[in-house]
Amino acid sequence: MNKRPVRSLLSLLAASAIALSPVSAIPARATTDPGEPDIAQMVRSTSLAGSFLAAQIATKENDDDAASAYYQRSLELDPENLELKRLYFLALTATGQIAKAAEIARSVPSTAEQSAVVRMVTAVDAIKKKSWAKVGEILKEPGRTDLDTLIEKIVMAWSVFGSGDPKQAIEIASKIEGPDWSQVVRDYHVGLMAAASGDDAKAEPFLASATSNKTAAAVLPETFARAMEALARTQARMGEVDKAKETVERGIQLFSNHAPFNALKADLDAAKPLSPLIASAQQGAGEIFFNIGTAISRQGGTPFAQGYLQLADYLSPGSDVVIMALAGVYETQKRHERANSYYERIPAESAYHRRAELEYALNLNDLKQVDESKAKLRALIAEDPSDILTYMTLGGVLSQHEEYGEASKIYEEAMNRLGTPGPRDWNLFYRAAIAHERQKQWDQAEPLFRKALELSPNQADVLNYLGYSWIDMGRNLEEGLEMIRKAVDLSPRKGYIIDSLGWAYYRLGRYDEAVTELERAVQLLPQDPTLNDHLGDAYWKTGRKLEATFQWNHALASKPEPADEAKIREKLEKGLVEDEKPTVSAN
């Protein structure tokens, strides 16, 4: 069984986002190590060919800061090279240097491939400078894709709003047509415009419409949550406080970890006056880039998302949601230092502050600054001992470094703070159970596994862990096997759970059935050394010794843990010892 450590638009969006693709990501380093040469000096000393090659390498390594510097050096040496200007423009956009990118854009050839991003960047710069009429000139031609058209029409509408004509802006935005998800975005922005103009009565039905499409909650969760927040604010300003509270409660049910809902709930309870979610044309235009950027990021298109979010940050530099989204993109790309540089921008009074601090601590852990990570998490616990998530985060860091004794103490402290547990608390009991199981404290672990299932009976990982543990100990065999089968039914694409079912059959001596399930598991996770090792053992037991040798060799090639590697090499040399008790791998 695998017990791995515990640590989240449609194709049209990804396809339409080609404009920001050539330069994809975040600088690999935020500071220069003492022993490294100064990057500026290195750039200045390069030749044209050397700087261009260095820029290309930096781009492939997702070091946009270095790429931008080397492209700038290339242009200094060859100032009329249009291709260098295009690449420099893209690098500047990817790193958020939008004003400079807009300057370069004036001399970039508007090829079919790059016209969308050139138009967007120059239009955004015009909005930043409140050059409203210029925005209309830039965007007078229709976009090439549905996504381009949606963005450009909403940007155009906000520019008209900025010029002092909210009625015309709402009319422009209201005429946008397209698929269901685009209508959600349209209604949301029309509602924002009406609310920002002071017409809450007009805003309310549009925002209600934007939050009535349940499919959008899955496809556009960040936008959907923002629309619910905007709706609640509008309802409260209209004097419909009970409706506003109902909207917030619905939001909390849908997005339990969305901090602004809890803050908004507190403001409503305290009868505080609420401002519109969006107050200016710049913020409104920034919001559409945030909407699209977060949607693309959820579809795995973080390089594309980065560019849109940089445009949002340029227009709304104080927006916490944009900063958090950018930091999340950098985390996904494993650029933890850059992510933390954004988390540091979240002010203490922000509803996102605590979440930013938690993510900052996790990034410290990923950067191998483990002691600093643990110290920060302990300080956060001391600051708010009621925040269960912080206990779980610290427990996860401790468990990752196999400090299970300390982790179990942290989880115990969290459970004591919890009060009456609910269905969402199953994970706390599950993690605590694992910490005790790893210390071979089964009498303490088993009740915690059972409690996790009592709180949430259909958690595949818990069913898998408890069921296999019983089989491994020769206890509750039938119940354990049924638990694993249920886990497979719940998660039929999780190779490590299917491996548990196959390995359970193996431990019960049902080798043919073991082979069937283990072959399925290996198809799903072909490079997992544990699964290949298990399948090799099952083959050996069914007399398929040549195939067993092949699987063991494949397991070795997949770089198993040193202890497992020694056992696999012994099996390759001597075969499977008949009375050998197979080893359970960890998840």
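Here is a check on your reading of the model: is ALA327 crowded, with 24+ Cβ neighbours inside 10 Å and not assigned by TED's automatic domain parsing to the domain that holds ALA157? Against the criterion (crowded, with 24+ Cβ neighbours inside 10 Å and not assigned by TED's automatic domain parsing to the domain that holds ALA157), ALA327 qualifies.
Candidates in segment 44-59 are the residues that are modelled with pLDDT of 65 or more and farther than 18 Å from PHE89 by Cα; of these, the one that is surrounded by the fewest Cβ atoms within 10 Å (Cβ to Cβ) is ALA49.
With respect to the stated conditions, LEU231 fails to be of a type in the set (A, V, I, L, M, F, W, C), out of contact with any Ser or Thr (no Cβ under 8 Å at 6 or more places or on another chain) and modelled with pLDDT of 95 or more. Residues of segment 333-359 that are crowded, with 21+ Cβ neighbours inside 10 Å and either among the hydroxyl-bearing types (Ser, Thr, Tyr) or farther than 17 Å from ILE388 by Cα (or both): ARG335, HIS336, ARG338, ALA339, ASN340, TYR342, TYR343, ILE346. Among the residues of this structure, LEU90 does not count as one that is assigned by TED's automatic domain parsing to the domain that holds ILE278, more than 21 Å from GLN282 (Cβ to Cβ) and assigned to a helix (DSSP H, G or I). Can you find a residue that is in contact with a His (Cβ under 9 Å, 6 or more places away or on another chain) and more than 30 Å from ASP148 (Cβ to Cβ) anywhere in segment 252-275? Yes, because at least one residue in segment 252-275 is in contact with a His (Cβ under 9 Å, 6 or more places away or on another chain) and more than 30 Å from ASP148 (Cβ to Cβ). Candidates in segment 199-235 are the residues that are basic (Lys, Arg) and surrounded by fewer than 24 Cβ atoms within 10 Å (Cβ to Cβ); of these, the one that is nearest to the chain's Cα centre (by Cα) is LYS214.
On inspection, SER209 passes the criterion of being at pLDDT 95 or above, assigned to a helix (DSSP H, G or I) and hydroxyl-bearing (Ser, Thr, Tyr).
Looking only at segment 360-387, residues that are closer than 19 Å to ALA414 by Cα and either within 17 Å of the chain's Cα centre (by Cα) or aliphatic (A, V, I, L, M) (or both) come to 8 in all.
Against the test of being at pLDDT below 95 and not hydrophobic (A, V, I, L, M, F, W, C), the options ASP472, ASP443 yield a single qualifying residue, ASP472.
So that you can scan it fast, the table gives a plain yes or no per residue for (1) surrounded by 15 or more Cβ atoms within 10 Å (Cβ to Cβ); (2) assigned by TED's automatic domain parsing to the domain that holds GLY536; (3) under 20 Å from THR530 (Cβ atoms); (4) out of contact with any Gly (no Cβ under 9 Å at 6 or more places or on another chain):
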{"site": "ASN476", "(1), (2), (3), (4)": "yes, no, no, no"}
{"site": "GLU479", "(1), (2), (3), (4)": "no, no, no, no"}
{"site": "GLU482", "(1), (2), (3), (4)": "no, no, no, no"}
{"site": "GLY495", "(1), (2), (3), (4)": "yes, yes, yes, yes"}
{"site": "SER500", "(1), (2), (3), (4)": "yes, yes, yes, no"}
{"site": "TYR505", "(1), (2), (3), (4)": "yes, yes, yes, yes"}
{"site": "LEU508", "(1), (2), (3), (4)": "yes, yes, yes, yes"}
{"site": "GLU513", "(1), (2), (3), (4)": "yes, yes, yes, no"}
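When you check ALA382 against the structure, is it over 26 Å from PRO317 (Cβ atoms), out of contact with any helix residue (DSSP H, G or I) (no Cβ under 9 Å at 6 or more places or on another chain) and surrounded by fewer than 19 Cβ atoms within 10 Å (Cβ to Cβ), yes or no? Yes.
Note on segment 175-195: residues that are part of a helix (DSSP H, G or I), within 30 Å of the chain's Cα centre (by Cα) and buried (at least 17 other Cβ atoms within 10 Å of the Cβ) amount to 13.
Taking (1) surrounded by 15 or more Cβ atoms within 10 Å (Cβ to Cβ); (2) under 30 Å from ALA348 (Cβ atoms); (3) at pLDDT 95 or above in turn, LEU418 satisfies each apart from (3).
When segment 444-468 is limited to residues that are of a type in the set (S, T, N, Q) and surrounded by fewer than 23 Cβ atoms within 10 Å (Cβ to Cβ), the one that is nearest to ARG424 (Cα to Cα) turns out to be SER456. Residues that are of a type outside the set (Asp, Glu) and surrounded by fewer than 22 Cβ atoms within 10 Å (Cβ to Cβ) were ranked within segment 304-320; the one that is nearest to GLU287 (Cα to Cα) is SER319.
There is no residue in segment 282-289 that is over 14 Å from LEU207 (Cβ atoms), small (Gly, Ala, Ser) and surrounded by fewer than 24 Cβ atoms within 10 Å (Cβ to Cβ). Would you be able to tell me the number of residues in segment 135-174 that are among the basic types (Lys, Arg), farther than 18 Å from ALA210 by Cα and assigned to a helix (DSSP H, G or I)? The qualifying residues number 1.
The set of residues from segment 477-506 being within 19 Å of ALA452 (Cα to Cα) and polar (S, T, N, Q) comprises just one member, SER491. Scanning segment 261-275 for residues that are assigned to a helix (DSSP H, G or I) and in contact with a Lys or Arg (Cβ under 6 Å, 6 or more places away or on another chain) returns a single hit, LEU268. Taking the criterion of being under 24 Å from the mean Cα position of the chain (by Cα) and surrounded by fewer than 13 Cβ atoms within 10 Å (Cβ to Cβ), the residues of segment 245-278 that qualify are GLN253, SER256, ASN257. Taking every residue in segment 262-273 that is in the same structural domain as ALA244 (by TED's automatic domain parsing) and farther than 17 Å from ARG226 by Cα and pairing it with any residue that is surrounded by fewer than 17 Cβ atoms within 10 Å (Cβ to Cβ) and modelled with pLDDT of 95 or more, at least 6 positions away or on another chain, the pairs with Cβ-Cβ distances below 8 Å are ALA271/VAL241. Once segment 403-449 is narrowed to residues that are basic (Lys, Arg) and under 30 Å from the mean Cα position of the chain (by Cα), the residue that is farthest from SER469 (Cα to Cα) is ARG417.
Just one of ILE288, ILE278 is within 30 Å of SER131 (Cα to Cα) and either in contact with a strand residue (DSSP E or B) (Cβ under 9 Å, 6 or more places away or on another chain) or in a loop (DSSP other than H, G, I, E, B) (or both); which is it? Please lay out each step first, then the result.
Numbers: ILE288 fails: either in contact with a strand residue (DSSP E or B) (Cβ under 9 Å, 6 or more places away or on another chain) or in a loop (DSSP other than H, G, I, E, B) (or both).
Checking each option against the conditions leaves just ILE278.
The values are calculated or read from the model by the stated rules, or taken from the named source; none is laboratory data. Predicted model, so just to flag it, every value in this text is computed and none were measured. Cβ: placed from backbone, ideal geometry, glycine included. Neighbour counts: every protein chain shown.
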